[in-house]
Amino acid sequence: MPIFLKGDKPNFFNKESLKVLSKHGGKVMTGSGARKTNGETQKTVTRPINMTKCRGTVWDYLMAGDKNPLKRRHPAVFPDKIPYDFIQCFCPSGGVVFDPFCGCGSTLVMAKKLERRFIGFKIEQEYCELTRERLQAECNDYALFQCGKC
């Protein structure tokens, strides 16, 4: 998933919602000291292990099981959890989410559910209507999305 930034780092980054349980969370681990070139060993280090950790750069998502009939009317769907995680991580509360190819509206629906504003584009009128239906069915608001041709 490409992330475009202006500057050296994101203006907003909250990784807390992305953390997973750590295998050894809550334990205190002792590591052996490294051996120096002169034959001596450094002091051992004792550290408490955090209960949670970052999930890393590869995120696993369950692809099966989404039975939403509205969503299935689009040929290229993905789990709603993907935009949910990205929006929570990179968009502050009240911020704006931009989806230039909004497909069946998954990103826009998650933005609305997470109380963010959104802008979405789609060329095909059929999928604009599908996004409108999803916003109405899942967020109880259909006036949020305007379809139109250039």
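Applying the condition of being more than 16 Å from Lys71 (Cα to Cα) and aromatic (Phe, Trp, Tyr) to segment 118-131 and asking which residue is surrounded by the most Cβ atoms within 10 Å (Cβ to Cβ) yields Phe118.
Whenever a residue of segment 25-37 is under 26 Å from Met51 (Cβ atoms), its partners that are among the hydrophobic types (A, V, I, L, M, F, W, C) and part of a loop (DSSP other than H, G, I, E, B), lying with C-beta atoms within less than 8 angstrom and at least six residues away or across chains, give the pairs Gly25/Ile49; Gly25/Met51; Gly26/Ile49; Gly26/Met51; Lys27/Ile49; Val28/Ile49; Met29/Ile49. Against the criterion of being among the aromatic types (Phe, Trp, Tyr) and in contact with a Cys (Cβ under 9 Å, 6 or more places away or on another chain), Phe78 does not qualify. When the criteria are applied in full, Ser22 meets the requirement of being among the hydroxyl-bearing types (Ser, Thr, Tyr) and out of contact with any helix residue (DSSP H, G or I) (no Cβ under 8 Å at 6 or more places or on another chain).
For segment 70-80, the criterion of being closer than 19 Å to Gln136 by Cα and loosely packed, with under 14 Cβ neighbours inside 10 Å is met by at least one residue. Give me the residue from segment 34-49 that is loosely packed, with under 12 Cβ neighbours inside 10 Å and in contact with a Lys or Arg (Cβ under 9 Å, 6 or more places away or on another chain) and, out of that set, farthest from Leu130 (Cα to Cα). Looking at the filtered set, the residue picked out is Thr41. Scanning segment 90-117 for residues being surrounded by 18 or more Cβ atoms within 10 Å (Cβ to Cβ), without any contact (Cβ under 8 Å) to a residue 24 or more places away in the chain and touching a Lys or Arg at 6+ places or on another chain (Cβ under 8 Å) gives a total of 1. In the set (1) at pLDDT below 90; (2) over 23 Å from Leu5 (Cα atoms), Thr57 fails one condition alone, (2).
Residues that are of a type outside the set (Ser, Thr, Tyr), part of a loop (DSSP other than H, G, I, E, B) and at negative phi were ranked within segment 19-33; the one that is nearest to the chain's Cα centre (by Cα) is Lys19. Among the conditions (1) among the acidic types (Asp, Glu); (2) modelled with pLDDT under 90; (3) under 30 Å from Thr131 (Cβ atoms); (4) exposed (fewer than 14 other Cβ atoms within 10 Å of the Cβ), Asp66 misses just one, which is (4).
The values are calculated or read from the model by the stated rules, or taken from the named source; none is laboratory data. The model shown is predicted, which means the values in this text are computed figures rather than measured ones. Cβ coordinates were reconstructed from backbone atoms using ideal geometry, including for glycine residues, and neighbour counts include every protein chain displayed.
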